[in-house]
Amino acid sequence: MAKSLKEDDAVKAQQKKTAKEIALELQVEELNRSIEELEVSRNNYAFLYDFAPVGYFSFDRDGCIRAVNQTGASLLGVKCADLIGQPFEHFIAYDDCFVFAGFIRKVFASPRKETCRLQLVKGGPHPLYVRIEALVAESGQECLAVLVDISEKKRSEQALSESEYNLAKAQAMTHVGSWSFNPKTEEVRASAELLQILRLRPDETTHEAFASVVHPEDHDTVMAHLRLGIDHGRSYEIEHRLLFDDGTQRWVYSTIEPSINSAGQVVKLYGTTQDITQRKQAEVELSNKTNELQAIF
């Protein structure tokens, strides 16, 4: 009987031990799954970090590189391992080195995100421009920075600036100004040459200001043509006079083209206006001489 009880106790102990082992094995399996998921997540994060569409950097207070992702290294044309510890200013165009030095000082002195634009030194037919956004880390010993390649945008801005400059020069040489008018918002945009022709300041670029310099005798005709373009989307040309406060009169010639949307509505009028006063004066002088010759004959 005593032996039987001992055997039962042994069996129970064995079963209890087996249950603990099973529970422990389950815990180990759960831990292994968590480690695997963590590893996958870490790998995904590392991939996103390295191959993000922007460059990630961390700089110390002296502007030296402490960490960089693959995209950032590609921007500089150097391997990641070779960049660690190097001063970032070695990769900046000479004229912008002082800009970066001041930028780093400002980042470490401010709790806010700071931004600057720099030109980098890199081989190729076109210069490389980047925008840097940086914020000091909690430790205060480094700053985390994002570099975005804005070279294409910079080239577009330069091309637009050159185009606007050339257009302004061409308009000044030919005394032709350009303008646009939004019938819905009554917003008016005008070139510098047009404002000079109309003797208006930049803050007077309004529909009312433009109408105020039209000669009173030509006002109704000009407004009727404008309404024709807005209501019916018709292109037109018109010559009319301007009258200024000092009594001076000028002649202008305007061509207007409407922009029409898919619904057939006029969304904007585009126009050019040329000062033709000299031509008009020459026509008057020629007419007078013709009349004199006719009278002589």
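Only one of the numbered conditions (1) hydroxyl-bearing (Ser, Thr, Tyr); (2) at pLDDT 90 or above; (3) open to solvent by 90 Å² or more (accessible area, probe 1.4 Å) is violated by THR115, and that is (3).
Among residues of the range 207-232 that are farther than 20 Å from PRO258 by Cα, those with a beta-carbon under 6 Å from a residue that is open to solvent by 50 Å² or more (accessible area, probe 1.4 Å) at least six positions away or on a different chain give the pairs HIS215/LEU243. Across the range 61-112, the number of residues qualifying as open to solvent by 60 Å² or more (accessible area, probe 1.4 Å), under 19 Å from GLU138 (Cα atoms) and of a type in the set (A, V, I, L, M) comes to 1.
Residue count for the range 255-265, restricted to those that are under 21 Å from THR221 (Cβ atoms) and either modelled with pLDDT under 90 or touching a His at 6+ places or on another chain (Cβ under 8 Å) (or both): 1. THR185 meets the conditions (1) open to solvent by 80 Å² or more (accessible area, probe 1.4 Å); (2) assigned to a helix (DSSP H, G or I); (3) polar (S, T, N, Q) in every case but one. The failed one is (2). Quick check on this structure: which one of SER156, SER178, SER163, SER139 is among the hydroxyl-bearing types (Ser, Thr, Tyr), open to solvent by 40 Å² or more (accessible area, probe 1.4 Å) and not in a helix (DSSP H, G or I)? Just a single option satisfies the conditions, and that option is SER139. Of all residues in the range 229-271, exactly one satisfies the criterion of being open to solvent by 60 Å² or more (accessible area, probe 1.4 Å), part of a helix (DSSP H, G or I) and of a type outside the set (D, E, K, R), namely HIS232. Residues of the range 108-131 that are farther than 16 Å from TYR56 by Cα and either in a helix (DSSP H, G or I) or touching a Phe, Trp or Tyr at 6+ places or on another chain (Cβ under 7 Å) (or both): PHE108, ALA109, GLN119, VAL121.
The values are calculated or read from the model by the stated rules, or taken from the named source; none is laboratory data. As the structure is a prediction and not an experimental result, all values here were calculated from the model. For neighbour counting, all protein chains shown are included, and Cβ atoms are generated from backbone atoms with ideal geometry for every residue, glycine included. In case anyone asks, the SASA skips ligands and DNA or RNA and just uses the protein heavy atoms, side chains included. Shrake-Rupley method; radii C 1.70, N 1.55, O 1.52, S 1.80 Å.
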